[in-house]
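Single-structure report; data block below.
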Amino acid sequence: MADAANTTEVLVIGAGPVGLTLAVDLGRRGVRCTLIERKPAPEFLPKMERCNARTMEIFRRMGLSERIRASGLRADVPMDVYVVLAMNEPPLLRLPYPSVSESRARIAACTDGSMPLEPYQLISQYTLEPLLKSIAESLPTVTVRYGCEFLELTQDASGVTAVVHDAGQPEAIRAAFVVGCDGGGSAVRKQLGIQLHGEGDLLRLFQALYVCPALFDMIPIGDGPGHGRHYHVADDKATFLIMQDSTRHWTLHATVERPEDMARQFERTIGVPVEYEMLSAGQWRQNLLLADRYRDGRVFLAGDSAHLVIPTGGLGMNTGVGDAIDLSWKLQATLAGWAGPTLLDSYEIERRQVGDRNVAASRYASLGRRAWRSQYRPDIRDATPSGQAARDRLAEVANVEQRKTNEMIGAELGYRYVGSPVIADEPDGPEHLFREYVATTWPGSRLPHVWLTDGSALHDRIPDGYTLLRLGTTGANTSALERAMVATGAPFQTVTIDDAPPRDVYGYDFILVRPDLHVVWRGNQPPDDARALAALVTGRR
Ligand SMILES: Cc1cc2nc3c(=O)[nH]c(=O)nc-3n(C[C@H](O)[C@H](O)[C@H](O)COP(=O)(O)OP(=O)(O)OC[C@H]3O[C@@H](n4cnc5c(N)ncnc54)[C@H](O)[C@@H]3O)c2cc1C
């Protein structure tokens, strides 16, 4: 049995970006949690490199966005995407995408709620993980244990006992709740007998990491492409070069035979001699898989343990951060005693539908990639009419199909929790589009970002907990709703905003939002039954 030192409120298994984000958010909410990770330390291995706009909004709310930006790519570097024959030749296609600085200027000028409060940030996973680890370790409520592997668990009515191995020694940890953030091969998911369904092992590629400090400054090379983020090579090996956050490190993906082939593939892609070192090369598989369930009793799944997507579209870690932030405040509310049981039930209902949508969005983007790559012809490099025609055709198709990967603002911002038991649903509602985001306060949506007339962001005026926004010049009496919310014991405040922009964009006088800034109710009159609404949104109905 676990001794007192080995009891915790929440045990988080796996210190990838999702487990780390969850531990930090639980810790800052005052929840005692233990984060275990089987690796002895974070690894310098490349995976994700882009936190999307919604993830950066979440990190802003956690007070982390500036630290993350300070560790990531400089704000002035564009995110352009190129399709090339090689880096030293004129590109077949350039798709321009703004730098963080340019995005900020566009966001500053936007008044219709259609843009996020924060732009994306390019930061390599191997930079983000140590940063989040150091933040987790600085929180007195969080215990971080690397070199500690989860083996098995049992649960009963009052908690979960997990058996772990630390330095080869078995040990029991007792927790009120456990969250499996242990990635695609999740031992937690397997223990619970939860299956993944979808399409597995769709393609195998090698990925290699190179240190090549000169390359960034050499671009454009000759008539080659300019500074960008991704360089797709029009070949039959799905070759794809990615700039990492330092601009000194690069990764290359390709369907070569052996890891050693990745050196030659890098040189062929650059096209001119350059000093570099290949630091690692390994194989990875593309999957589109979703877990049947996200919960079993007191044990939850979040991140890649629950959904596996193809990186095309950048919806892997970013979806997992959304899981973490949906679950964190619900666990805290349950442990604090003010939440009804439906609040935790809503986690799977809300997040599994997003997982499902994002698996579909990733499939959509990767089919686009496959469509333009299918235009490759062996004579594509030839200085012949037929070679020129092959180049033109591939560029034309890529100009449509490659955009599916890079223009997913709807998937990033536009998800809405449909059919959630803790949201005052309105029938119908806008469709969740992958490519387009239209600002809406339909219950279940993320509250759109709006600037106030003093230049501050409304999001920043909303405290943690539930918030009733009173907008415009309404004089209606909302005291019954305020009393009902306070009576639940949930943290609650009313914020009155007289400025016109939020009322104009949101279209309602009253908006009730929850800690993760999703709308739970809206109206132009106070609700008919305030107590019933308060019970619903806090999970007591
Ligand atoms: C090449 C590539 C590029 C990508 N690009 C992007 C991108 O641009 N944007 C994006 O959003 N996503 C991207 N992804 C996906 C992203 O990397 C993953 O979605 C993300 O790592 C998932 O985070 P996670 O914390 O859920 O799982 P993981 O990162 O897999 O972390 C799980 C952790 O759990 C630990 N663990 C496993 N088993 C145990 C155990 N039994 N006990 C204790 N610890 C355990 C593991 O060691 C690991 O540290 C990319 C992936 C790849 C491969």
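The values are calculated or read from the model by the stated rules, or taken from the named source; none is laboratory data. These figures come from a predicted structure and were not determined experimentally. Virtual Cβ from ideal backbone geometry, glycine too; neighbours counted across all protein chains shown. To get the accessible areas, we keep the full protein, side chains included, count just its heavy atoms, and leave off ligands, DNA and RNA. Shrake-Rupley method; radii C 1.70, N 1.55, O 1.52, S 1.80 Å.
Some notes on this structure:
- Residue within segment 383-402 that is aliphatic (A, V, I, L, M), free of Cβ contacts under 8 Å to residues at least 40 places away in the same chain and in contact with a helix residue (DSSP H, G or I) (Cβ under 6 Å, 6 or more places away or on another chain) present: yes
- In segment 275-286, residue least open to solvent (accessible area, probe 1.4 Å) [restricted to those that are in contact with a helix residue (DSSP H, G or I) (Cβ under 9 Å, 6 or more places away or on another chain) and not hydrophobic (A, V, I, L, M, F, W, C)]: 286
- Residues in segment 470-496 that are assigned to a loop (DSSP other than H, G, I, E, B) and either touching a strand residue (DSSP E or B) at 6+ places or on another chain (Cβ under 9 Å) or farther than 26 Å from residue 335 by Cβ (or both): 472, 473, 474, 475, 476, 477, 478, 488, 490, 491.
- First in segment 271-291 and touching a residue at least 40 places away in the same chain (Cβ under 8 Å), second anywhere and open to solvent by 40 Å² or more (accessible area, probe 1.4 Å) and of a type in the set (Gly, Ala, Ser), Cβ under 6 Å, 6 or more apart: 274/214; 287/200; 288/198; 289/198; 289/200; 290/198
- Screening 336, 361 for residues that are touching a Phe, Trp or Tyr at 6+ places or on another chain (Cβ under 8 Å) and either open to solvent by 20 Å² or more (accessible area, probe 1.4 Å) or of a type outside the set (Lys, Arg) (or both) leaves exactly one candidate, 361.
- Scanning segment 230-276 for residues that are touching a Pro at 6+ places or on another chain (Cβ under 7 Å) and polar (S, T, N, Q) turns up 244, 251.
- Among the residues making up segment 47-89, those that are under 18 Å from residue 126 (Cβ atoms), in a helix (DSSP H, G or I) and more than 12 Å from the ligand (Cβ to nearest atom) are 59, 67, 68, 69, 70, 71.
- The residue that is farthest from residue 278 (Cα to Cα), among those in segment 26-46 that are within 11 Å of the ligand (Cβ to nearest atom) and assigned to a loop (DSSP other than H, G, I, E, B), is 38.
- Qualifying residue in segment 217-233 (condition: among the hydroxyl-bearing types (Ser, Thr, Tyr) and touching a His at 6+ places or on another chain (Cβ under 8 Å)): no
- Residue count for segment 177-200 under the criterion of being open to solvent by 20 Å² or more (accessible area, probe 1.4 Å) and outside any loop (DSSP other than H, G, I, E, B): the result is 9.
- Unmet criterion (only one of (1) within 11 Å of the ligand (Cβ to nearest atom); (2) touching a Lys or Arg at 6+ places or on another chain (Cβ under 7 Å); (3) more than 15 Å from residue 12 (Cα to Cα)) for residue 149: (3)
The rows are residues; the columns are (1) open to solvent by less than 10 Å² (accessible area, probe 1.4 Å); (2) in contact with a Leu (Cβ under 6 Å, 6 or more places away or on another chain); (3) of a type in the set (Phe, Trp, Tyr).
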position	(1), (2), (3)
13	yes, no, no
40	no, no, no
53	yes, no, no
84	yes, no, no
88	no, no, no
97	no, no, yes
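- Residues in segment 287-301 that are of a type in the set (A, V, I, L, M, F, W, C) and open to solvent by 10 Å² or more (accessible area, probe 1.4 Å): 289, 290.
- Residue satisfying all of: in segment 368-421; β-branched (Val, Ile, Thr) and part of a helix (DSSP H, G or I); surrounded by the most Cβ atoms within 10 Å (Cβ to Cβ) among these: 405
- Scope segment 134-162; condition of a type in the set (Val, Ile, Thr) and either farther than 23 Å from residue 297 by Cα or under 26 Å from the mean Cα position of the chain (by Cα) (or both); matching residues: 135, 141, 142, 143, 144
- The residue list 326, 304, 356 contains one member that is more than 12 Å from the ligand (Cβ to nearest atom) and open to solvent by 40 Å² or more (accessible area, probe 1.4 Å), which is 356.
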